[in-house]
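Just below is one structure, and these are the notes that go with it.
The values are calculated or read from the model by the stated rules, or taken from the named source; none is laboratory data. Values in this document were obtained by computation on a predicted structure and should not be read as measured data. Cβ sites come from the backbone with ideal geometry, for glycine too, and all protein chains shown count toward neighbours. Each accessible area value is taken on the protein alone, full model and side chains, heavy atoms only, with ligands, DNA and RNA left out. Shrake-Rupley method; radii C 1.70, N 1.55, O 1.52, S 1.80 Å.
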Amino acid sequence: MKSNMLSGKTALVTGSTSGIGLGIARSLAEQGANIVFNGFGDAQQIEKLYTDVGTEFGVQTAYHNADMSKPLEIEAMMRFAADKFGAIDILVNNAGIQHVATVDEFPAEKWDAIIAINLTSAFHTSRLAIPGMKQKGWGRIINLASVHGLVGSAGKSAYVAAKHGLVGFTKVTALELAATGVTCNAICPGWVLTPLVQKQVDDRAARDGLSNEAAKKALLSEKQPSGEFVTPAELGALAVFFCSPAGDQVRGVAWNMDGGWAAQ
Ligand code: NAD
(Lines give C-alpha, C1' and ligand atoms only; values in the text may rest on other atoms or scores of the structure.)
Protein backbone atom coordinates (compact mmCIF):
# COMPACT_ATOMS: atom_id res chain seq x y z
CA MET A 1 0.00 0.00 0.00
CA LYS A 2 1.39 3.40 -1.04
CA SER A 3 2.40 5.73 1.80
CA ASN A 4 4.95 8.42 2.54
CA MET A 5 6.45 6.67 5.59
CA LEU A 6 9.92 6.76 4.00
CA SER A 7 9.68 10.00 2.04
CA GLY A 8 12.88 12.03 2.24
CA LYS A 9 14.88 8.87 2.87
CA THR A 10 17.23 7.18 0.39
CA ALA A 11 17.64 3.44 -0.03
CA LEU A 12 20.50 1.76 -1.84
CA VAL A 13 19.63 -1.77 -2.94
CA THR A 14 22.48 -3.83 -4.39
CA GLY A 15 21.53 -6.28 -7.13
CA SER A 16 18.21 -4.53 -7.74
CA THR A 17 17.99 -4.95 -11.51
CA SER A 18 16.26 -8.30 -11.03
CA GLY A 19 14.37 -10.61 -8.68
CA ILE A 20 14.25 -9.98 -4.95
CA GLY A 21 16.30 -6.76 -5.02
CA LEU A 22 13.91 -5.24 -7.56
CA GLY A 23 10.92 -6.33 -5.44
CA ILE A 24 12.41 -4.73 -2.33
CA ALA A 25 13.35 -1.54 -4.22
CA ARG A 26 9.75 -1.26 -5.47
CA SER A 27 8.33 -1.80 -1.95
CA LEU A 28 10.60 0.90 -0.48
CA ALA A 29 9.76 3.29 -3.34
CA GLU A 30 6.07 2.65 -2.66
CA GLN A 31 6.71 4.06 0.84
CA GLY A 32 8.28 7.20 -0.67
CA ALA A 33 12.01 6.35 -0.47
CA ASN A 34 14.37 7.50 -3.21
CA ILE A 35 16.22 4.51 -4.63
CA VAL A 36 19.76 3.92 -5.84
CA PHE A 37 19.66 0.83 -8.05
CA ASN A 38 22.63 -1.42 -8.73
CA GLY A 39 23.17 -4.63 -10.65
CA PHE A 40 23.95 -6.01 -14.08
CA GLY A 41 21.91 -6.21 -17.27
CA ASP A 42 21.16 -4.47 -20.52
CA ALA A 43 21.86 -0.72 -20.12
CA GLN A 44 18.68 0.41 -21.90
CA GLN A 45 16.46 -1.97 -19.94
CA ILE A 46 18.03 -0.83 -16.67
CA GLU A 47 17.48 2.83 -17.54
CA LYS A 48 13.83 2.09 -18.31
CA LEU A 49 13.47 0.10 -15.09
CA TYR A 50 14.71 2.81 -12.74
CA THR A 51 12.96 5.60 -14.66
CA ASP A 52 9.66 3.68 -14.53
CA VAL A 53 9.95 3.04 -10.76
CA GLY A 54 10.61 6.76 -10.22
CA THR A 55 7.55 7.73 -12.28
CA GLU A 56 5.26 5.06 -10.79
CA PHE A 57 5.96 6.02 -7.17
CA GLY A 58 6.90 9.71 -7.56
CA VAL A 59 10.39 9.25 -6.09
CA GLN A 60 13.90 10.02 -7.33
CA THR A 61 15.91 7.11 -8.65
CA ALA A 62 19.47 6.62 -9.82
CA TYR A 63 21.67 3.71 -10.85
CA HIS A 64 25.29 2.70 -10.36
CA ASN A 65 26.83 -0.30 -12.13
CA ALA A 66 29.42 -1.24 -9.45
CA ASP A 67 30.52 -4.87 -9.44
CA MET A 68 29.99 -6.12 -5.86
CA SER A 69 33.10 -8.28 -6.10
CA LYS A 70 35.27 -5.16 -6.46
CA PRO A 71 35.82 -3.01 -3.34
CA LEU A 72 37.00 0.04 -5.34
CA GLU A 73 33.80 -0.03 -7.41
CA ILE A 74 31.73 -0.36 -4.21
CA GLU A 75 33.48 2.72 -2.82
CA ALA A 76 32.68 4.61 -6.05
CA MET A 77 29.01 3.57 -5.78
CA MET A 78 28.77 4.75 -2.18
CA ARG A 79 30.35 8.13 -3.11
CA PHE A 80 27.92 8.41 -6.05
CA ALA A 81 24.92 7.78 -3.76
CA ALA A 82 26.17 10.26 -1.16
CA ASP A 83 26.83 12.95 -3.79
CA LYS A 84 23.40 12.44 -5.34
CA PHE A 85 21.19 12.14 -2.25
CA GLY A 86 23.34 12.87 0.82
CA ALA A 87 23.94 9.94 3.19
CA ILE A 88 22.14 6.65 2.57
CA ASP A 89 19.40 5.93 5.13
CA ILE A 90 18.54 2.36 4.12
CA LEU A 91 21.10 -0.12 2.85
CA VAL A 92 19.88 -3.40 1.41
CA ASN A 93 22.71 -5.86 0.76
CA ASN A 94 21.03 -8.12 -1.74
CA ALA A 95 23.34 -8.87 -4.69
CA GLY A 96 24.11 -12.55 -4.86
CA ILE A 97 25.05 -15.44 -7.11
CA GLN A 98 24.86 -19.21 -6.82
CA HIS A 99 26.86 -22.17 -8.07
CA VAL A 100 26.00 -25.80 -7.38
CA ALA A 101 28.75 -28.48 -7.20
CA THR A 102 30.15 -30.81 -4.58
CA VAL A 103 33.10 -29.53 -2.51
CA ASP A 104 35.64 -31.72 -4.33
CA GLU A 105 34.46 -30.42 -7.71
CA PHE A 106 33.76 -26.82 -6.72
CA PRO A 107 35.69 -24.37 -8.99
CA ALA A 108 37.96 -22.25 -6.76
CA GLU A 109 37.15 -19.06 -8.70
CA LYS A 110 33.42 -19.64 -8.12
CA TRP A 111 34.05 -20.04 -4.39
CA ASP A 112 35.94 -16.72 -4.34
CA ALA A 113 33.25 -14.93 -6.35
CA ILE A 114 30.40 -16.19 -4.12
CA ILE A 115 32.20 -15.16 -0.93
CA ALA A 116 33.07 -11.75 -2.41
CA ILE A 117 29.61 -10.92 -3.80
CA ASN A 118 27.32 -12.65 -1.24
CA LEU A 119 29.33 -11.80 1.91
CA THR A 120 32.28 -9.41 1.63
CA SER A 121 30.39 -6.76 -0.35
CA ALA A 122 28.04 -6.32 2.64
CA PHE A 123 31.06 -5.51 4.84
CA HIS A 124 32.25 -2.83 2.39
CA THR A 125 28.85 -1.18 1.88
CA SER A 126 28.10 -1.31 5.63
CA ARG A 127 31.44 0.14 6.73
CA LEU A 128 30.90 3.03 4.31
CA ALA A 129 27.21 3.64 5.15
CA ILE A 130 27.34 3.39 8.96
CA PRO A 131 29.06 6.74 9.72
CA GLY A 132 26.36 8.72 7.85
CA MET A 133 23.56 6.72 9.49
CA LYS A 134 25.04 7.28 12.95
CA GLN A 135 25.36 10.99 12.24
CA LYS A 136 21.67 11.17 11.30
CA GLY A 137 20.67 9.01 14.30
CA TRP A 138 18.60 6.70 12.08
CA GLY A 139 19.42 3.95 9.64
CA ARG A 140 18.46 0.50 8.46
CA ILE A 141 20.78 -2.21 7.16
CA ILE A 142 18.99 -5.22 5.71
CA ASN A 143 21.07 -8.19 4.61
CA LEU A 144 19.54 -10.67 2.18
CA ALA A 145 20.82 -13.91 3.61
CA SER A 146 18.81 -17.07 2.93
CA VAL A 147 17.36 -20.08 4.64
CA HIS A 148 20.86 -21.28 3.71
CA GLY A 149 22.12 -18.86 6.37
CA LEU A 150 20.43 -21.19 8.88
CA VAL A 151 20.68 -24.70 7.41
CA GLY A 152 22.79 -26.41 4.76
CA SER A 153 22.05 -28.17 1.47
CA ALA A 154 24.42 -30.49 -0.37
CA GLY A 155 26.12 -28.92 -3.38
CA LYS A 156 25.98 -25.35 -2.05
CA SER A 157 29.10 -25.09 0.11
CA ALA A 158 30.17 -21.58 -0.90
CA TYR A 159 26.65 -20.19 -0.82
CA VAL A 160 25.85 -21.74 2.58
CA ALA A 161 29.18 -20.55 4.00
CA ALA A 162 28.59 -17.01 2.67
CA LYS A 163 25.01 -16.87 3.96
CA HIS A 164 25.91 -18.26 7.41
CA GLY A 165 28.68 -15.64 7.42
CA LEU A 166 26.19 -12.92 6.51
CA VAL A 167 23.91 -13.92 9.40
CA GLY A 168 26.90 -13.70 11.76
CA PHE A 169 27.93 -10.35 10.30
CA THR A 170 24.33 -9.11 10.80
CA LYS A 171 24.41 -10.00 14.51
CA VAL A 172 27.73 -8.25 15.14
CA THR A 173 26.71 -5.14 13.18
CA ALA A 174 23.42 -5.00 15.13
CA LEU A 175 25.25 -5.31 18.46
CA GLU A 176 27.78 -2.60 17.61
CA LEU A 177 24.88 -0.27 16.70
CA ALA A 178 22.49 -1.39 19.43
CA ALA A 179 22.59 1.90 21.34
CA THR A 180 22.00 3.98 18.19
CA GLY A 181 19.00 4.51 15.90
CA VAL A 182 20.58 2.23 13.31
CA THR A 183 19.32 -1.35 13.11
CA CYS A 184 20.73 -4.29 11.17
CA ASN A 185 18.76 -7.44 10.37
CA ALA A 186 18.83 -10.33 7.91
CA ILE A 187 16.06 -11.77 5.78
CA CYS A 188 16.25 -15.50 5.07
CA PRO A 189 14.05 -16.50 2.13
CA GLY A 190 13.33 -20.03 1.02
CA TRP A 191 12.74 -20.66 -2.71
CA VAL A 192 11.77 -17.50 -4.62
CA LEU A 193 11.20 -17.92 -8.37
CA THR A 194 13.84 -15.50 -9.71
CA PRO A 195 16.45 -16.01 -12.48
CA LEU A 196 18.81 -17.38 -9.79
CA VAL A 197 16.37 -20.20 -9.00
CA GLN A 198 15.03 -20.65 -12.54
CA LYS A 199 18.55 -21.81 -13.49
CA GLN A 200 18.30 -24.53 -10.83
CA VAL A 201 14.83 -25.46 -12.12
CA ASP A 202 16.26 -25.71 -15.66
CA ASP A 203 19.19 -27.86 -14.44
CA ARG A 204 16.76 -30.13 -12.59
CA ALA A 205 14.47 -30.41 -15.62
CA ALA A 206 17.41 -31.32 -17.86
CA ARG A 207 18.91 -33.79 -15.36
CA ASP A 208 15.67 -35.66 -14.63
CA GLY A 209 13.89 -35.20 -17.98
CA LEU A 210 11.11 -33.13 -16.38
CA SER A 211 8.93 -30.30 -17.66
CA ASN A 212 9.51 -26.82 -16.23
CA GLU A 213 6.39 -27.16 -14.02
CA ALA A 214 7.35 -30.64 -12.78
CA ALA A 215 10.90 -29.47 -11.98
CA LYS A 216 9.51 -26.55 -9.95
CA LYS A 217 7.24 -28.91 -8.03
CA ALA A 218 10.15 -31.28 -7.38
CA LEU A 219 12.32 -28.47 -5.97
CA LEU A 220 9.54 -27.15 -3.74
CA SER A 221 8.40 -30.53 -2.46
CA GLU A 222 11.93 -31.44 -1.34
CA LYS A 223 12.43 -28.47 0.98
CA GLN A 224 9.53 -26.03 1.21
CA PRO A 225 6.48 -27.51 3.04
CA SER A 226 4.07 -24.81 1.81
CA GLY A 227 4.68 -26.06 -1.74
CA GLU A 228 4.62 -22.43 -2.89
CA PHE A 229 7.33 -19.95 -3.82
CA VAL A 230 7.97 -16.91 -1.62
CA THR A 231 7.51 -13.72 -3.67
CA PRO A 232 9.73 -10.61 -3.99
CA ALA A 233 6.71 -8.50 -2.95
CA GLU A 234 6.35 -10.48 0.32
CA LEU A 235 10.05 -9.95 1.03
CA GLY A 236 9.63 -6.27 0.18
CA ALA A 237 6.86 -6.01 2.78
CA LEU A 238 9.19 -7.50 5.42
CA ALA A 239 11.89 -4.96 4.49
CA VAL A 240 9.30 -2.18 4.88
CA PHE A 241 8.43 -3.51 8.34
CA PHE A 242 12.12 -3.36 9.36
CA CYS A 243 12.09 0.30 8.22
CA SER A 244 8.92 1.18 10.17
CA PRO A 245 8.86 2.60 13.71
CA ALA A 246 7.65 -0.83 14.92
CA GLY A 247 11.03 -2.16 13.77
CA ASP A 248 13.06 0.14 16.01
CA GLN A 249 13.92 -2.64 18.47
CA VAL A 250 14.22 -5.49 15.99
CA ARG A 251 17.99 -5.91 16.06
CA GLY A 252 20.19 -8.70 14.80
CA VAL A 253 17.45 -11.11 13.76
CA ALA A 254 17.68 -13.60 10.91
CA TRP A 255 14.04 -13.70 9.90
CA ASN A 256 13.09 -16.57 7.66
CA MET A 257 10.29 -16.31 5.14
CA ASP A 258 10.59 -19.79 3.77
CA GLY A 259 7.24 -21.61 3.60
CA GLY A 260 8.28 -23.65 6.64
CA TRP A 261 11.65 -24.88 5.28
CA ALA A 262 13.71 -24.26 8.43
CA ALA A 263 10.98 -25.41 10.82
CA GLN A 264 11.55 -29.04 9.81
P1 NAD B 1 18.70 -12.66 -9.28
O2 NAD B 1 19.68 -13.42 -10.06
O3 NAD B 1 17.31 -12.46 -9.80
O4 NAD B 1 19.26 -11.21 -8.91
C5 NAD B 1 20.57 -11.02 -8.50
C6 NAD B 1 20.92 -9.57 -8.64
O7 NAD B 1 22.28 -9.39 -8.26
C8 NAD B 1 20.82 -9.07 -10.10
O9 NAD B 1 20.38 -7.72 -10.10
C10 NAD B 1 22.26 -9.16 -10.58
O11 NAD B 1 22.56 -8.28 -11.66
C12 NAD B 1 22.98 -8.75 -9.31
N13 NAD B 1 24.37 -9.15 -9.28
C14 NAD B 1 24.92 -10.37 -9.49
N15 NAD B 1 26.26 -10.30 -9.39
C16 NAD B 1 26.55 -9.01 -9.11
C17 NAD B 1 27.77 -8.31 -8.90
N18 NAD B 1 28.96 -8.91 -8.97
N19 NAD B 1 27.71 -6.98 -8.65
C20 NAD B 1 26.51 -6.33 -8.62
N21 NAD B 1 25.33 -6.95 -8.80
C22 NAD B 1 25.36 -8.27 -9.05
O23 NAD B 1 18.68 -13.38 -7.84
P24 NAD B 1 17.67 -13.29 -6.61
O25 NAD B 1 17.09 -14.63 -6.45
O26 NAD B 1 16.80 -12.11 -6.70
O27 NAD B 1 18.72 -13.11 -5.43
C28 NAD B 1 18.84 -11.93 -4.67
C29 NAD B 1 19.43 -12.27 -3.30
O30 NAD B 1 18.51 -13.10 -2.59
C31 NAD B 1 20.74 -13.05 -3.37
O32 NAD B 1 21.62 -12.62 -2.37
C33 NAD B 1 20.30 -14.48 -3.13
O34 NAD B 1 21.33 -15.25 -2.58
C35 NAD B 1 19.18 -14.26 -2.13
N36 NAD B 1 18.24 -15.38 -2.04
C37 NAD B 1 17.55 -15.80 -3.14
C38 NAD B 1 16.66 -16.87 -3.00
C39 NAD B 1 15.83 -17.39 -4.13
O40 NAD B 1 15.18 -18.42 -3.96
N41 NAD B 1 15.79 -16.73 -5.27
C42 NAD B 1 16.51 -17.49 -1.77
C43 NAD B 1 17.24 -17.03 -0.68
C44 NAD B 1 18.10 -15.97 -0.84
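Computed values, structure above
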item: Largest-first ellipsoid semi-axes for segment 1-115, taking √(5λ) over the Cα gyration tensor eigenvalues, angstrom; result: 28, 15, 13
item: Segment N212-K171, length gained on full extension (0.36 nm per residue, minus Cα span); result: 11.0 nm
item: Calculated log₁₀ intensity ratio I(q)/I(0) where the Debye formula runs over C-alpha points of segment 151-264, q = 0.15 Å⁻¹; result: -0.75
item: Mean accessible surface per residue for the chain, computed with a 1.4 Å probe while every protein chain stays in place, in Å²; result: 45
item: Straight-distance crosslink candidates among aspartates and glutamates, where the alpha carbon sits under 15 Å from K216 and sequence neighbours closer than 8 are dropped; result: D202, D203, D208, E228
item: Computed log₁₀ I(q)/I(0) - Debye formula, equal Cα scatterers, no solvent, the chain, q 0.10, 0.14 Å⁻¹; result: -0.47, -0.94
item: In degrees, nearest ten, helix 157-176 long axis to first principal axis of the chain (Cα); result: 30
item: FRET efficiency, 1/(1 + (r/R0)^6) with R0 45 Å, evaluated for K2 and A108 via beta carbons; result: 0.45
item: T55 paired with F40, simple spin-label distance in nm, labels 7 Å along Cα-to-beta-carbon; result: 2.9
item: Whichever lysines have a C-alpha closer than 21 Å to that of K171, once near sequence neighbours (fewer than 8 apart) are set aside; result: K134, K163
item: Normalised contact order of segment 140-210, rounded percent, pairs of Cα under 8 Å and 6 or more residues apart; result: 37
item: Highest-fluctuation residue, S16, S121, S157 considered, GNM on the chain with Cα pairs under 10 Å; result: S157
item: Using a Förster distance of 25 Å, the FRET efficiency for F123-W255 (Cβ separation, nearest 0.05); result: 0.75
item: Crossing angle, helix 43-57 versus the chain [Cα axis fit, 0-90 degrees, rounded to tens]; result: 60
item: Loop-located chymotrypsin sites (Phe, Trp or Tyr not before Pro) in segment 1-53 whose Cβ has at most 15 other Cβ within 10 Å (DSSP); result: F40
item: Helical contribution to [θ] at 222 nm, DSSP H n ≥ 4, -39,500 (n - 2.57), averaged over the chain, rounded to 500; result: -15000 deg cm²/dmol
item: 18 Å reach of a label modelled at S153, 7 Å along Cα-to-Cβ, counting backbone N of segment 163-180; result: 163-167
item: Inter-label distance for A76 and E47, nm, one decimal - labels placed 7 Å from Cα along Cα-to-Cβ; result: 1.8
item: Rounded to the nearest 20 debye, dipole of segment 62-112 from Cβ charges on Lys, Arg, Asp, Glu; result: 260
item: Exposure ranking of D104, D258, D203 by accessible area [1.4 Å probe, largest first]; result: D104, D203, D258
item: Heavy-atom accessible surface of segment 103-178: percent carbon and sulfur, 1.4 Å; result: 60
item: Under 23 Å from K2, Cα to Cα: lysines that are on another chain or at least 8 residues apart; result: K48
item: Angle in degrees between helix 71-85 and the longest Cα principal axis of the chain, rounded to the nearest 10; result: 40
item: Charged-residue dipole, Cβ positions (Lys, Arg, Asp, Glu), segment 25-150 about Cα centre, Debye nearest 20; result: 560
item: Segment 2-46 versus segment 88-155: alpha-carbon centroid distance in Å; result: 18
